[in-house]
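What follows is a single structure, written as structure tokens, with notes after it.
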Amino acid sequence: MATFIIILLAFVTFLCIYLHKLCTKKPKNFPPGPPSLPIWGGYWFLLLANYNFTHKAADVLAKRYKSKIVGLLAGDFPVILVTGYDLVKEALIRDEFIGRPDIYATRYRSLGDLLGIVFTDGHHWKEQRRFSLRQLRDYGFGRRFASTEELFEGDVKALIEYLNANPNPNDNDIHCKKGRVLIPDLFYGPLSNAILHMLVGKRFEDKEMRELAHSTLRFVRNVDATGRALSITPWIRHFAPDYFGSKPLHIENKRTWDFFLELVEERQKKFSDDHHGDFLDAFLSRMQQLQREGLDLGSFTEKQLIWTLADYFFPSPNVVGPALNMLWAHLCKYPDVQVKIQEEIDRVVGRSRLPNLDDRKNMPYTEAVLRESLRMDPVVPINTPRRCVEDTTLGGYFIPKDTLVLISLWNANYDSQIWEDPEQFRPERFLDDNGNLLKKDYILSFGAGKRLCAGETFARNNMFLILSGLLQNFNFKAVGEVPNLENKKWGFICDIPAFWVDAISR
Ligand code: HEM
């Protein structure tokens, strides 16, 4: 008995010392937050606060610790959760928070490497972001460009014809009877082709694009901004690869890789430096130029090319698509909003031609609806994770180098210091008393600073063209219940399940 008591006392003492050590491992003046427990540290408390949604957990912990910045240790590495409009904006903009974390999820995205634009940092990221944006501009990305606009206008026209036609039996997955279509899947084809045209100068069958979009979507649905348990304790993938997401991550990323690899190899065979028709040509040309001059290729490798193509491709169906999904849910919930947009379209454009980007400045209400939907449902509620690149302070707290910085765009978009009645869908908040669009747009759904979303203009333009083109021609009604915008799916991208609508000709 005495031996048992001694062993028990020794065990309890050891446990207390271990727990005390864990609890006191945080750096001095680190933001307040939950203590650390074995294995996942304070991450347990994040899960307890809200198992599915980190942006909701951030709200709970900020309230609990009465601080807009909450700090915890996820396993060994420090994490901060940033809330409140001013601090969110500061964290987005300051260069100290410009890095991206090197975690299992971000590496696995590029099948083990850190490549592309979204998940890289330092010189590699700077060089590739600058190069890709400069080259893509030549094909109409992020600016006005007549031939690209014409092409997308053609896609909107095709959507309208599609909604007026009887369904093709091959398309039963998104079109089950005349006018009855699945949102957002309906948009995956045109959105994918809009960007692939600039990237690889080619257009694909809508059905193939829907399949690819579903594949990339499964990746962003199997991971979130924290990287989840897989990033804190990567060894768990050996025990339950399906549950912890490593298997889906691998399968889906391999599919994206294969799709772009085939395109790159095909182009390499017939590439000529005399004529550049798309981003792929521009990248291959740079690679050849470096080789000719006997210089180090640096970040200009074939693998980097493939992941850059993937980084510009996937947000078009998989971020703009979900944004349209939630916008359409708002339209179905508020039919009067549809009527007001239609009145504006009829007044500014009429019915004889489709709305175009020149009309945007004359359609403040439509623009305000787009902003309000992006504010209430920011698609990426916790910004793509950032990494603190040097020891610094934020809000008076010490933030050590390599801290994982989780910035709640959601919280900023609902901050009552900035937004009156933030829970209400009220597009008029973006208009002045004369109905003009307010100059300053406070929404932070596209991030901010040097890492601001590279596709913001492209996304906003295409959302405007789809919304105005379709509402010019149809009223939309949800089939059955209006989708519940609270019923979001878990993941890095946060949207609601797809739903059927009836498009009724006006
Ligand atoms: C409604 C649509 C979209 C939303 C809400 C959105 C949101 C975001 C957010 C929050 C970030 C992280 C920014 C940061 O760290 O500060 C981001 C990054 C990025 N987005 Fe978007 N995005 C959208 C559409 C697009 C589209 C259509 C493209 C490309 C065609 C795109 C390309 C990118 C790229 C390349 C980055 C990485 C930028 C970097 O790390 O330097 N996005 N986006």
Whole-Hz couplings from phi, Karplus 6.51/-1.76/1.60, listed for segment 441-454; x for Gly and Pro
10, 7, 5, 10, 5, 9, x, 6, x, 5, 9, 3, 2, 6
How compact is the chain by the rule of thumb for globular proteins, expressed as Cα Rg over 2.2 N^0.38 Å?
1.04
Check residue 431: other-chain or 5+ apart residues with amide H under 5 Å from its amide H, H built from backbone geometry?
438
Distance cut-off 30 Å, Cα to Cα: go down the list 25/450; 178/207; 28/89; 157/477 and report the pairs above it.
25/450
Antiparallel %, DSSP beta bridges [both residues in the chain], to 5
85
Would you mind counting up the charge near residue 412? Only other residues with Cβ under 12 Å from its Cβ, with Lys and Arg at +1 and Asp and Glu at -1.
-1
Reachable lysines from residue 247, criterion Cα separation under 20 angstrom, eight or more residues apart if same chain:
489
For residue 399, other-chain or 5+-apart residues with amide H closer than 5 Å (H placed, Pro excluded) are 392, 393, 394
Along the charge dipole of the chain, Cβ charges K/R +1 and D/E -1, which of 139, 117, 194 sits furthest on the positive end?
117
Here, GluC sites (Glu not before Pro) of segment 403-506 satisfying both criteria (DSSP loop; at most 11 other Cβ within 10 Å) are 420, 423, 481, 486
Per-residue ³J(HN,Hα) for segment 393-401, Karplus 6.51 cos²θ - 1.76 cosθ + 1.60, θ = phi - 60°, Hz, x for Gly and Pro:
10, 9, x, x, 9, 7, 10, x, 3
Pairwise label distance in nanometres, residue 37 with residue 438, each label 7 Å out on the Cα-Cβ vector:
4.2
Can you give me the long-range amide H partners of residue 407? Hydrogens built in the peptide plane at 1.01 Å from N, cutoff under 5 Å, separation of 5 or more residues or another chain.
82, 383, 386
Here the gain from full extension of residue 301 to residue 393, 0.36 nm per residue of separation minus their alpha-carbon distance, amounts to 29.5 nm
Counting other C-beta atoms within 10 Å, and keeping those with at most 14, which DSSP coil trypsin sites (Lys or Arg not before Pro) do you find in segment 59-134?
66
Computed [θ] at 222 nm, deg cm²/dmol, the chain (DSSP H ≥ 4; -39,500 (n - 2.57); rounded to nearest 500):
-15000 deg cm²/dmol
Treating only the Cβ of Lys, Arg, Asp and Glu as charged (+1, +1, -1, -1), what charge dipole size does the chain show about its Cα centre? Round to the nearest 20 debye.
1060
Return the loop-located GluC sites (Glu not before Pro) in segment 288-377 (DSSP other than H, G, I, E, B) with at most 13 other Cβ atoms within 10 Å of their own Cβ; answer none if there are none.
293
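Every number in this text was worked out from the coordinates using simple rules, so none of it is lab data. Worth saying up front: this structure is predicted, and the values here are computed from it rather than measured. So basically every Cβ, Gly included, is an ideal-geometry build from the backbone, and we count neighbours across all protein chains shown.
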